[in-house]
1. How would you rank Arg273, Arg144, going from fewest to most other Cβ atoms within 10 Å of each one's own Cβ?
2. Tell me, in nm to one decimal, what length is gained between Ala372 and Ala174 on full extension, where the rule is 0.36 nm per residue of separation less the Cα-Cα distance?
3. Please list, in chain and number order, the residues 5+ apart from Phe141 or on another chain whose amide H is under 5 Å from its amide H, with Hs placed from the backbone.
4. If packing is taken as the average number of other Cβ atoms within 10 Å across a peptide's residues, how do 277-285, 152-160 rank, most packed first?
5. For Ala115 paired with Asp55, estimate the spin-label separation in nm (one decimal), with each label point 7 Å from Cα along the Cα-to-Cβ line.
6. Per-residue counts of other Cβ atoms within 10 Å, averaged by peptide: what ranking do you get for 420-428, 107-115, highest first?
7. If packing is taken as the average number of other Cβ atoms within 10 Å across a peptide's residues, how do 18-27, 316-325 rank, most packed first?
8. Which FRET efficiency value, to the nearest 0.05, do you get for Leu423 and Ala44 by plugging their Cβ-Cβ distance into 1/(1 + (r/R0)^6) with R0 = 35 Å?
Amino acid sequence: MRLWWSLARHTHTGSKLPTVLAVTAFAVTTWAVLLVAGGVRAFAARADLPDAGPDASTYPFLSWVAVALLLVPTATLGAAAARLTVARRDERLARLRLAGATTGQIGVVALLDAAVQAVAGAALGVLLNLLTLPAVAQLRFQGRRFATGELLLGPVPVLLTVTAVLLVALVSSAVSLRRVAITPLGVAQRLPQKGLSWARIVPVLLLGGGFVAAFNAGGLVFGFGTAVGALVLVGFLAGTFAVFNLVGPLFVSVLGRILGARARSVETLLAARRMTDDPKSTWRSVGGISLVTFVAGCLSVTPGLTSGGAPEEAQLFTDIGTGAAVTLVISAVLAAVSTGVTQASRVLDSRTRYRTLHLSGTDLEVLHTARARETWIPLVVTTGGAAALALLIISPVVGLLQTAPVGVLWFVGCALAGGGLVLLASRASRPLVTACSTTDPTGISSR
């Protein structure tokens, strides 16, 4: 405990940025979970009212569809917060281990760091949820606005959410600690990480086969009841998201190898090597926007649904459109935070590499260009993959896009805005690249 407190007190200002980024990511994750859970609770409570309309039972199902679409982006941001600057954290713990610290001591240091960041971020997330509830309550569903009390969760769900965020942080820290405790010299010397296995393709094949089977037996599935059919639909949406997130790093790794083999410039070669050496980090920097593109693609048929309804169903279809817009907004917020945090984190994790390249004669502009290419190339490819996957999911109802072409505009607008967001975050981190390249960890400039 004394060691941890001493390290926390004597951390210089430049090293506090990872903590700020982690707390911010945990706060947004907690806010998103509480907001979505409050919406599910509100629709379920309305469905149980004596004067509930005939369509009231449909709203809880639709809210769970939104949960399925937001589940993986939220979990991805939470995991990214827990993994922030893994390289620098592992290096510090490895140095403590080599200096004589016991496994128990570095375990306490790592877990306390993770716990403090997670609890602080979760507390800010709870506060942010309370501050935004009055604005969210202005949304109109079923012909009326929400009461703030409908969206407000009790102390038990809030405590469970904070506990879940804390567990994610502790588990991630424990996995990293296991690697440091076993091979401190390997971490300190920055030995290559283990490559990705092609076994990540297996879930894709299983999900594809399940999708084809469920589509062909759609009548049979819904014959067991609407609840069973809804559960299968939500499961496939969440499963598609999870599989896309699982295969993404492998896809980036293969892309980096192809790009490296065909590189004709130093910048492209550096970008390809970065993508190959750390595909998970590269995927995290663009994966959030790719997932938002997938959500936008899945929801692009919503305007077609709302325009084709009978007059007595007009309220339901109007609310479906509103819910789709809210889901896209939350997805965009999660992706924005994930992108900004991950871009800055990647620079901090690679500060030794940037400084070494600069000291060996590499111009700063070359480093900036290489970093831009390692961002926009996987961004274009993965966003295209997300669009193709979304098109596959909505293929049974793709004709609705002709009924209401505005859904296509939704999709294109979200893809372009997401791409611009990633490039803007990358551009905003340029001063951080310059600082890491020209200044050593003690703060002494090499200029």
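1. In increasing order of surrounding Cβ atoms, one gets Arg144, Arg273.
2. Extending this stretch completely gives an extra 68.0 nm.
3. Here the answer is Phe146, since their amide H atoms fall under 5 Å of that of Phe141.
4. Peptide ranking by packing, descending: 277-285, 152-160.
5. If labels sit at Ala115 and Asp55, their model points lie 5.0 nm apart.
6. 107-115, 420-428
7. 18-27, 316-325
8. 0.30
Rule-based calculations on the coordinates, nothing more; no lab input. For clarity, every value in this text was computed on a predicted model and none was experimentally measured. Using ideal geometry, Cβ is built from the backbone for each residue, glycine included, and neighbour counts are taken over all protein chains shown.
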